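Take a look at the structure set out below.
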């Protein structure tokens, strides 16, 4: 007996969009939509966890690098270079916490909207700063030898500044990938709600009450004992 082909969430979305354009009823697809959407949200857990962990590691490295950067203590809050170097770890800690919080509450609409706005804005700021850092690494610091990135005598880059710059450059692709993963989850989340009249609590209860969904789903997609968390 041939094994029935499993319908992917992507195929379900395309079919729903076609039916919507042609104003057809998609009630027959509802069970598939629910299953595909829940599966996709669940499967996004591992990449979200790995990305958040990598981002947190880079923030820790940036914090470790701070005392190794040759800036006078009073200049951290009075010089432009001090503010710039403090920016990624200072804002990175709450951003990393919000990424984790947002995904653990991913059955609620506001989570996606705020996440994309907050993390998207921060990613844009960090991308601009990364371009600035590349210019410093390749031209400004070796040419003019400021003390925050060199020893002020030679063009050799300081170890603390190198740590800061490299980890910041690593953070940019991590955050862009994180935004892509979360945006993809939003697409399937919309399929779940557009194909049903469920509220977040209804969907959470369905996951909790259905034995087909393991208990791990309750944590991985923001559901707990029939209540959206």
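Brief remarks follow.
- Residues located in the stretch 125-146, provided they are part of a loop (DSSP other than H, G, I, E, B) and in contact with a helix residue (DSSP H, G or I) (Cβ under 9 Å, 6 or more places away or on another chain): 146
- Residue in the stretch 99-112 that is surrounded by 12 or more Cβ atoms within 10 Å (Cβ to Cβ), in a helix (DSSP H, G or I), at pLDDT 90 or above and in contact with a helix residue (DSSP H, G or I) (Cβ under 7 Å, 6 or more places away or on another chain) present: no
- Residue in the stretch 180-196 that is at pLDDT 90 or above, assigned to a helix (DSSP H, G or I) and touching a helix residue (DSSP H, G or I) at 6+ places or on another chain (Cβ under 9 Å) present: no
- Members of the stretch 156-179 found to be more than 22 Å from the chain's Cα centre (by Cα) and either part of a helix (DSSP H, G or I) or modelled with pLDDT under 70 (or both), listed by number: 159, 160, 161, 162, 163
- Taking (1) free of Cβ contacts under 8 Å to residues at least 40 places away in the same chain; (2) in contact with a strand residue (DSSP E or B) (Cβ under 9 Å, 6 or more places away or on another chain) in turn, residue 108 satisfies each apart from (1).
- Cross-chain or 6+ apart pairs with Cβ under 9 Å, the stretch 114-135 first and surrounded by 14 or more Cβ atoms within 10 Å (Cβ to Cβ), then modelled with pLDDT under 95 and not in a helix (DSSP H, G or I): 115/106
- Residue check, residue 94 free of Cβ contacts under 8 Å to residues at least 60 places away in the same chain, more than 11 Å from the chain's Cα centre (by Cα), closer than 18 Å to residue 54 by Cβ and crowded, with 17+ Cβ neighbours inside 10 Å: no
The values are calculated or read from the model by the stated rules, or taken from the named source; none is laboratory data. What you are looking at is a predicted structure, and each value in this text was computed from that prediction instead of being measured. All Cβ positions, glycine included, derive from the backbone under ideal geometry; neighbour counts span all protein chains shown.
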